[in-house]
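The values are calculated or read from the model by the stated rules, or taken from the named source; none is laboratory data. As the structure is a prediction and not an experimental result, all values here were calculated from the model. Here the Cβ positions follow ideal geometry from the backbone for every residue, glycine too, while neighbour counts run over all protein chains shown.
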Amino acid sequence: MRVIAATHVDLPEAVRAPALRERPDDVALLADRFAAAAGASAGRDLTLSRAARTALRHAEWPGNVRQLSAAVQRGAAFARSEGGAVIEARHLFPETPAAAAERSRATTWQEATRVFQRRLLDETLDACGGNVSEAARRLDVARSHLHELLRAHGINRPKP
């Protein structure tokens, strides 16, 4: 099969132009490619964890593909510095002092509990690949209660 196509559009410029927020489905594919390239340049295989893919998919990307590439390359450097072959979410988005300060600003018991629960729910669901039944087992809560917690925290997970 042969495909012939022509265009008057400057393709390299067209690829650079759209922001990633306009192409959320492309983020994981691009990130996997950047991770493989970063690993190849270091002479080792590097992959993204499921949690890293989730973090990348949900991140705000005001820029273009170069911003994603830079984030993955930075994450690859952190993973390699630890001797790892898997890029984790913490490698891509290390907690900044501002984020730590925001987390510690929880002034009431209830507010601190909500921050903790939200983080625990997100991390557990990521570790379970979005499987609510498995997450409920790991957290030792009823599946129906986990659904209530997810709803209360505004966590909407797509079906795997």
Condition first: assigned to a helix (DSSP H, G or I), surrounded by fewer than 19 Cβ atoms within 10 Å (Cβ to Cβ) and charged (D, E, K, R). Now tell me which residues in the range 47-99 satisfy that. R50, R57, R66, R74, R80, R90
Within the range 134-141, can one find any residue that is under 18 Å from A55 (Cβ atoms) and either at pLDDT 85 or above or exposed (fewer than 13 other Cβ atoms within 10 Å of the Cβ) (or both)? yes
Positions within the range 19-46 being in a helix (DSSP H, G or I), loosely packed, with under 14 Cβ neighbours inside 10 Å and at pLDDT below 85, in sequence order: R21, E22, S41
How do the pairs read when you match residues in the range 125-147 that are outside the structural domain of A52 (by TED's automatic domain parsing) and among the polar types (S, T, N, Q) with residues anywhere that are at pLDDT below 90 and exposed (fewer than 13 other Cβ atoms within 10 Å of the Cβ), using Cβ under 7 Å and keeping only pairs 6 or more apart or on different chains? N131/P160
